[in-house]
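Below is one structure, written out as structure tokens; the observations come after it.
The values are calculated or read from the model by the stated rules, or taken from the named source; none is laboratory data. This is a predicted model, so every value here is computed, not measured. Quick note on the areas: whole protein, heavy atoms, side chains included, nothing else; ligands and nucleic acids left out. Shrake-Rupley method; radii C 1.70, N 1.55, O 1.52, S 1.80 Å.
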Amino acid sequence: MNYTRQEVMQFVREEDVKFIRLAFCDVYGKQKNISIQPGELERAFENGIAFDASSIAGFGDELRSDLFLRPQEDTLTVLPWRPEHGRVVRMFCDITRPDGTPFEGDARQFLKRAVREAEEEGFTFRFGSELEFYLFELDERGKPTRIPYDEAGYMDIAPEDRGENIRREICLTLEQMGITPESSHHEGGPGQNEIDFRHAGALAAADNAVTFCGVVRTIAGRNGIAADFSPKPLPGQPGNGMHINFSVRGRGDQHDMISAIAGVLENISAMTAFLNPLEQSYERLGSHKAPRYISWSAENRSPLIRIPAAFGEQKRAELRSPDGCANPYIAYALLIYAGLDGIRRHLELPPAANINFYTAPPELLSAFRRLPATLEEARAVAGESEFIRAHVPEIIRRAYTA
């Protein structure tokens, strides 16, 4: 719901709100927050709330450590798992320097800039993520184990699927927060689950993805288990992906979408260090339906980009390489810039790869470029990329390529 500042102040007074969480992410997408009480809200809107940036991953050292959180009133939401009396609400924040200028390491503002540049050229990008996660049991000290919560398989049902009620609680909690999941089901790994989201504008979609990860971990913890979004939590089992569905609207030319997909294919190697940020990420790529080769096809689930069977506004492209540890703000911003690059250069798609990349012979596979095979290689490609240097702020670029 798009509140104004005055409406937020009124909501806090009338709805017995006692704590306001000012939320943001570090450069790697991990959610952080500072809690304030209602008496500090007006000051937060007017001047921001200071915090020590040197203690936040990727935000720099002690030399210029003072940054300010400025709550964005249109992101207000109640945290439903907190008490009805003495409510807790949350707002996402922009991060600024003391003089009010945007902080270059704020990935949310990086995405805002990408959205603004696309709109100035007449284009709107929309995103919807398919996020996978494992549920694991806890040990006697309450620490996560690697024992899956169940042994069910793809789209199995209860009683084999023990995650059914967890997913239900997650979806209902998200609905209370104004986020509507599209579907949910058990995934292919033991204890693995997936919940998908409807298309939304880039900023809302990224906020929703960050909110989702927090809700999943919270609901799992309340049920005495642990949620894990890491790329390859169990050797020999499917990894956790964050498949990103994207579309572009603009001049009414169908060719714009084709060129945008071509732009993503053109720049994907340079983007991989940001979409797959852990060494473990590269254990996932190339196995269990996770792509390795730079390719596209309709419906086929083994290439990098799939064009799902869909109609009308549901027509989209699905990028299958990102994993659950990618920062969604950075991921969506890079996809916007890659799409714009393809549109500006009128790039054409190569022929569709209508083969199964997991069973095709080596001589057939040799015709395709591969994604970086290791994190070190991905960082090197990103560090040398003119595309990355042109679009990614230095502090974010350094965090992912150093």
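Relative to the globular-protein estimate of 2.2 N^0.38 Å, the Cα radius of gyration of the stretch 263-383 stands at 1.03. Under 8 Å for C-alpha pairs, at least 6 residues apart: give me the relative contact order for the chain, rounded to a whole percent. Computed value for the chain: 16 percent relative contact order. The stretch 231-330: percent of C-alpha pairs farther apart than 23 Å? Of the Cα pairs, 26 percent sit more than 23 Å apart. Computed over the stretch 135-242, the convex hull of the alpha-carbon atoms projects to a mean area of 6.7 nm². Just the protein heavy atoms count here, and of the accessible area of the chain at 1.4 Å, carbon and sulfur take up 47 percent.
Think of a 1.4 Å ball rolled over the protein heavy atoms: the chain then has 45 Å² of accessible area per residue. Computing Rg and the Kirkwood Rh from the Cα coordinates of the stretch 52-116 gives a ratio, Rg/Rh, of 1.07.
Here the Gaussian network model covers the chain, with springs between Cα atoms less than 10 Å apart; of 143, 232, 315, 143 fluctuates the most.
Please work out the ratio of the alpha-carbon Rg of the chain to 2.2 N^0.38 Å and round it to two decimals.
Scaled against compact globular proteins, the figure is 0.99.
Kirkwood analysis of the stretch 130-192, using all unique Cα-Cα pairs, places the hydrodynamic radius at 12.5 Å. Full extension of the chain between residue 121 and residue 160 yields a length gain of 9.0 nm, computed as 0.36 nm times the residue separation minus the alpha carbon distance.
Take the alpha carbon atoms of the stretch 245-296, find their center, do the same for the stretch 3-28, and report the distance between the two centers in whole angstrom. Comparing the Cα centres of the stretch 245-296 and the stretch 3-28, I get a distance of 35 Å.
Between 201, 324, 239, the GNM of the chain built on Cα springs shorter than 10 angstrom shows 201 fluctuating the most. Separation of the alpha carbons by more than 21 angstrom is noted, of 143/232; 30/315; 30/232; 112/315, for 30/315; 112/315.
Sequence-ordered 3J(HN,Hα) estimates for the stretch 236-242 from the Karplus curve with 6.51, -1.76 and 1.60 and θ = phi - 60° stand at x, 10, x, x, 8, x, 10 Hz, glycine and proline given as x.
Expressed to the nearest 5 percent, the antiparallel share of DSSP beta bridges inside the chain is 85 percent.
Once the convex hull of all Cα atoms in the stretch 1-110 is built, its volume per residue stands at 102 Å³.
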